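Nothing in this text is a laboratory measurement; each read-out follows from the coordinates by a stated rule. None of these values were measured; they are calculated from a predicted model. Using ideal geometry, Cβ is built from the backbone for each residue, glycine included, and neighbour counts are taken over all protein chains shown.
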Amino acid sequence: MEGNFYPLLKWMILPPLAGFVLNGLLGKRLLSERTGGILGSLAIFLSFIFALLSVSDLLNLPAADRLLRDTLFAWISAGPFTVDFALRLDPLSSVMALVVAGVSFLIHVYSIGYMRGDRCFHKYFSYLNLFVFFMLVLVLADNPVLMFVGWEGVGLASYLLIGFWYEDTEKASAGKKAFVTNRIGDAGFLAGLMLLAAVMHAGGVYGLDFSTLSANARLAAGASFAGVNAAFLIGVLLFVGATGKSAQFPLYVWLPDAMAGPTPVSALIHAATMVTAGVYMLSRMFFLYEAAPAALNVVLITGCFTAFLAAVIAVAQRDIKKVLAYSTVSQLGYMFMAVGAGAWAAGVFHLTTHAFFKALLFLAAGSVIHGLGGEQDLFKMGGLRRHMRTTFILTATGWLAISGVPPLAGFYSKDLILEKVFASGAGFVWLTGLLTAALTAYYISRLLILAFMDKYRGTQHVHGSPAVMTAPMGLLAVLSVAGGMAGAAWLLPFLQPGAAPEHHSALMIAVSVSAAAAGIIAAFLLVGRRAEDLAAAWPRLHRLVYNKFYVDEIYAALVLRPLERFAGWTFRVPDSKVIDGAFVNGTAALFMSMGRGLRAVQTGNAQFYAIVFLAGLCVLLAAVLAGYYL
Amino acid sequence: MMIGPDLLNIAIYLPLAAAIGVALLPRDKEHLAGPLALAALLLAFVPALALYLGFDPALPGMQFAQDLPWLSALGARYAIGLDGISLLMFMLTAFLGPIAVLSSFEAVKEHRRFYYASLLALQTGMLGVFAALDLLLFYVFWEAMLIPMYFLIGIWGGKRRIYASVKFFIYTMAGSLLMLAAILWLYFDHQSRTGIYTFALSAYGNAATGGTGMLLFLAFALAFAIKVPLWPFHTWLPDAHVEAPTAGSIILAGVLLKMGVYGFIRIAVPFFPEAAMTAGWPIAALGAFGVIYGSLTAWAQDDIKKLVAYSSVAHLGIVMVGALVLEPAAVSGAVLQMVNHGLSTGALFLCVGMLYERRHTRLMADYGGIAKVMPAFAAVFMIVTLSSIGLPGLNGFIGEFLILFGSFKVWPCLALISLGGVILSAVYMLGMYQKVFFGPVTNPANKELPDLKVREWLCVLPLLALIVWIGVYPNFFLKRLDTAVNDYIRLAGGQRPPFSLTQEGK
């Protein structure tokens, strides 16, 4: 088998699993809060160390031979199917594993401070460890079926953590919404895999590991299903899965609601790691998309549309976490634009830098919310730069990074994506991307201004955050500053060893930097009085955007409620009335009434019987005589 | 003792012997009925386990077989044995039996001797069905099973127990009579052609073709379809489940429904491969339809037990697709999924029973916020729920995955329809979970509920262990299936051709 056997890989996924079990089973009764928090963080730290060791070993291999594999056992074998529980480490999964383990560790540490005193402190760390376990399974899986285990597993962790404070019905509902919406995407993912497996089997290929699939991608390109090219169909179906997990149109609606979870969870799962799984999956399966360029167009257009739509919605939100949530949806759209333009490495690059600065922004928001005793409304903040100096400086770093100000991280990756899109010839998409960049700079500046500038508008007493929270944010800030430069120098050649180095055109850089500058300047000019004037001038437009174009309401009216009513009707009418009523009980009633009818004849009256007897005799006689004479 | 037919007989008849013993207990020793029944079923599990471990997956045909003269004048023989498929069903039955008994200790207070004797006799009937290799013997066990189940629902059931038990009995009986007629037809036909009176299953491979074959196939198919239950023959199930005591529901969902699918695999399809080849798709289509239908009707329920009952219609629907598609992975998946459904739905009914014993209501609206009051129970229920909706890493996923991927190659349409169940199951199961466990505790009656007791843990833990085990390492179970599945597909006339994936299309 291709690749080098490397038994160390399993040690990346085992510590979080152990952490999940220990914190989950021993929990409150046996572990102090301090021990539980340290245990949870330590597990992730171990994963990170093993990831570093493995990646350094991977780097020692020649560029063409960078693949490590660890097969734990034969997982499912039935008929022609054999799926191994096998892990793989190549440049793509290395980057992802390091980001996941690294950012997770920082957020675990932050959580020790953030969750202090929570009634279910141990459960929180248990779930968080479970998430990292499944995320690493997703990342390291050597075949799409095992990847699906991680894929749905992180969805489970997300569900549990969104509804972590389950006594609030709204939060519990947000968790369910996330799970169900993701399941719709997952059904698409599964359908894509079913078709892929069928195509492979038809061509005599039974291995489902990525190397085998990649080597036989031409089988998909040469097959068709229901008159549509199979590679295209598989590509689109897998992308449906990605739109669920990575919150793209039309399945993005769960992510803003997912902000009901504790803020570190929003930072880790719903910004830095899990939601990027779709981008990762498409990059992993890029060999299929190479065989079906039309599917890439679907990805490109969807990503572009989502990026723009979400950025527009983010402009008018009042809740600090909602702004960041829509920002995440929008940034994920950028990543899909990259993949759609054929530049998956640029997408993964942006995934990495985004993990740094968006995690930073979320943790900073968490620090603000923590400091204000739970307040999330931007209009009740203001002037916090004086009360929370560290948080302000850290937020400002994230602000510059996401806006695309050189030389911070976001600039490098976003600029690269825009260049790639432009080079692919999709002019309109590029233009929309550029406009979205300006909007991004605007809404994030607006957040910064509303929260930290002017005077404090709230009533809560403000307190700063402890070092256990600010230190991880500090590290993320460093990465948000330097991650772009480092990534451009090392990450891209590592992901695509053969590719030519990127040449940045000065004109393109100038254009994208001016878009960012325009957004920032506009925010400083408008936010405060003038933006409110604008909103008042177009009240309908403002309401439309503030209410997120009523997409949730439209879904409820067009899909959810009709389906629920249909389910109720199915039970009441066809099931209860027709099948059970008319047919089953009807048959019983028929025999019952026949019995009753016959019983009426059995009067017990001897004279009546004699008359019937006589009548019968007459009929018989008549019949006999008629037969004889006629 | 060698691992052979003797052990098989012990495993089958030990419960029946114990049933007689329990029934004959003196009145003042009635409290011993439960513990005695539990001891007997635990003891009977030992030979079953030995059979499972001693089974050689590589050998074709039946193992631990025994063939003795029985009713010689009729040509009926006492023939038993197990292949991989019946082995798994046999183990599932032997495994669920003790759990069903243990779950009744506090719920059942009246007529305890008769209750446990019924459960024990039922156990022998079910094990016998899976081991029988003679049609008459099969039929005897099949019918014998009905009687204790009828009593369990009719005596220890809920408010509408009489209606439910009579409905269950008559519905199943109507199907069985058709089957009996078909059996007799086959029996005399075989005699007229060969001069030999026999009920041996092996004598009836490809027993009839053409119009006759189709009619006979449909007679068997109807009897089995009622048991599955296949849409639209399912309405006895929700009533039976809602009214049955917890143990009855566990056995009903866990084992009895499997006999329908098992009947298709062991009898209907191999006997009439030609008819099955033609009628397979429409029947599987009813199954796929049932996935969506069962999910929607489950969604519409207010009663937890009824919801789980309707979800069974959905789960068994997808199993029917896998069983009839005649693709090896799908058939293996179908058999494994029967085990999975037995475990997860058995566990669900067990959990619902625990709630019922505390609050005496099954309406979701009467609960809310239970996760805060009973955290351990909430965790257990969550795992079982996830198993039921097929979360990867737990057992349900393996079966669904194999059925979907296997059947897609032959019947892509039915596979895609069944896939809809993946979405809907999350909707109704998580919806139910939320209504019961999340939100604030609004009902004062729910404020002080005790969490799981030791006895309840003992019921639940073995189920949880298997739910995780099958999800993580299913090969321990799948590898015993391969040979039997291939035998089945061979008897059914071979694999169906896959649909064309070439550029020209179909």
Q. So what's the Cα pair-distance distribution over the range B:29-131, bin width 5 Å, in %?
A. 2, 11, 20, 18, 15, 13, 10, 7, 3, 1
Q: Please report the base-10 log of the normalised intensity I(q)/I(0) for the range A:374-454, using a Debye sum with one equal scatterer per alpha carbon and no solvent, at each q in 0.12, 0.27 (1/Å).
A: -0.44, -1.21
Q.
What FRET efficiency comes out for A:A506 versus A:H463 if R0 is 51 angstrom and r is the Cβ-Cβ distance? Round to the nearest 0.05.
A. 0.60
Q | Alpha-carbon gyration tensor eigenvalues x 5, square-rooted, for the range B:13-89, Å | A | 31, 20, 7
Q) Given 10 °C and 1.306 mPa s, how large is the Stokes-Einstein diffusion coefficient of the protein assembly as shown in µm²/s, with Rh as the Kirkwood radius over Cα pairs? A) 50
Q) If you take the beta carbon distance between B:W457 and A:V478 as r and set R0 to 51 Å, what does 1/(1 + (r/R0)^6) give as a FRET efficiency, to the nearest 0.05? A) 0.55
Q | Lys/Arg +1, Asp/Glu -1 at C-beta; chain A dipole; positive extreme among A:I449, A:A307, A:F336 | A | A:I449
Q) What share of all Cα pairs of chain A, in percent, falls into each consecutive 10 Å distance bin? A) 3, 15, 25, 24, 14, 6, 3, 3, 3, 3, 2, 1, 0
Q) Rg (Å, one decimal) plus Dmax (Å, integer) for the alpha carbons of the range A:33-79? A) 16.7, 50
Q. For the range A:272-333, what is the convex hull volume of the alpha-carbon atoms per residue, in Å³?
A. 57
Q) How do the peptides B:410-417, A:342-349, A:70-77 rank, highest first, by the average count of neighbouring beta carbon atoms within 10 Å per residue? A) A:342-349, B:410-417, A:70-77
Q) Hey, what's the Kirkwood Rh for the range A:326-479 if you take every pair of different alpha carbons, in angstrom? A) 16.1
Q.
Along its three principal axes, how long is the range A:307-388 when you only count alpha carbons? Whole Å, largest extent first please.
A. 45, 23, 18
Q | Share of alpha-carbon pairs per 10 Å distance bin for the range B:245-307, given as whole % | A | 18, 35, 32, 14, 1
Q.
Give the average, rounded to an integer, of partner chain Cβ atoms located within 10 angstrom of each Cβ in B:295-301.
A. 6
Q) Counting partner chain Cβ atoms within 10 Å of every residue's Cβ in A:166-173, what's the average? A) 5
(Q) Suppose each label sits 7 Å from its Cα in the direction of the beta carbon; what would the B:E448-B:A73 distance come out to in nanometres? (A) 6.8
Q) Residues with amide H under 5 Å of A:S246's amide H, sequence separation 5 or more or different chain, H placed in the peptide plane at 1.01 Å from N; which? A) A:G278
Q | Radius, Kirkwood style, for the range A:177-321 when every pair of distinct Cα atoms is counted (Å) | A | 16.2
Q. Tilt of helix A:10-25 relative to the longest C-alpha principal axis of chain A, in degrees (0 to 90, nearest 10)?
A. 70
Q) Helix A:606-629 sits at what angle to the longest principal axis of chain A, using alpha carbons and giving 0 to 90 degrees rounded to 10? A) 80
(Q) Around A:G581, under 14 Å between beta carbons, what's the net of Lys plus Arg minus Asp minus Glu among the other residues? (A) 0
Q: For the range A:559-628, compute Rh as the Kirkwood radius over C-alpha pairs and then the Stokes-Einstein diffusion coefficient at 25 °C and 0.890 mPa s; write the answer in µm²/s, rounded to an integer.
A: 147
Q) What is the spin-label model distance, in nm, from A:A18 to A:L42 if the labels are put 7 Å beyond Cα along the C-beta direction? A) 0.9
(Q) Just to be sure I understand: if I project the alpha-carbon convex hull of chain B onto a plane and average over all orientations, what area do I get in nm²? (A) 23.9
**Q.** In degrees, nearest ten, helix A:144-162 long axis to first principal axis of chain A (Cα)
**A.** 80
Q. Given a cut-off of under 8 Å on Cα pairs at least six residues apart, what relative contact order in percent is computed for chain B?
A. 15
Q. Any idea how far apart A:L30 and A:N297 come out in nm if each label point goes 7 Å out from Cα toward Cβ?
A. 6.0
Q: Could you give log10 I(q)/I(0) at q = 0.14 Å⁻¹ for the range A:252-406, computed by the Debye formula over C-alpha point scatterers of equal weight, without solvent?
A: -0.68
Q. Going 7 Å from the Cα of A:R318 in the Cα-to-Cβ direction, what parts of the range A:152-178 have a backbone nitrogen less than 20 Å from that spot?
A. A:170-171
Q: Could you please state, rounded to a whole Å, how far the C-alpha centre of the range B:251-266 is from the C-alpha centre of the range B:114-143?
A: 12
Q) Cα-Cα pairs above 22 Å in the range A:30-114: how many percent? A) 46
Q) Which value does Rg/Rh take for the range B:245-356 over its C-alpha atoms, Rh per Kirkwood? A) 1.02
Q: Any lysines with Cα under 18 Å of the B:K227 Cα? List them, leaving off those in the same chain fewer than 8 positions away.
A: B:K167, B:K258, B:K306
Q | C-alpha center-to-center spacing [the range A:257-309, the range B:194-218] in angstrom | A | 57
Q: Write down the radius of gyration of the range A:499-610 and its Dmax, each obtained from C-alpha positions, in Å.
A: 37.5, 117
Q) Dimensions of the range B:188-277 along principal axes (Cα, Å, largest first)? A) 49, 24, 18
Q) Where in chain A lies the longest segment free of trypsin sites (Lys or Arg not before Pro) that are both loop residues by DSSP (not H, G, I, E, B) and have at most 12 other Cβ atoms within 10 Å? A) A:120-454
Q: For peptide A:215-224, compute the average count of partner chain beta-carbon atoms within 10 Å of each residue's beta-carbon.
A: 2
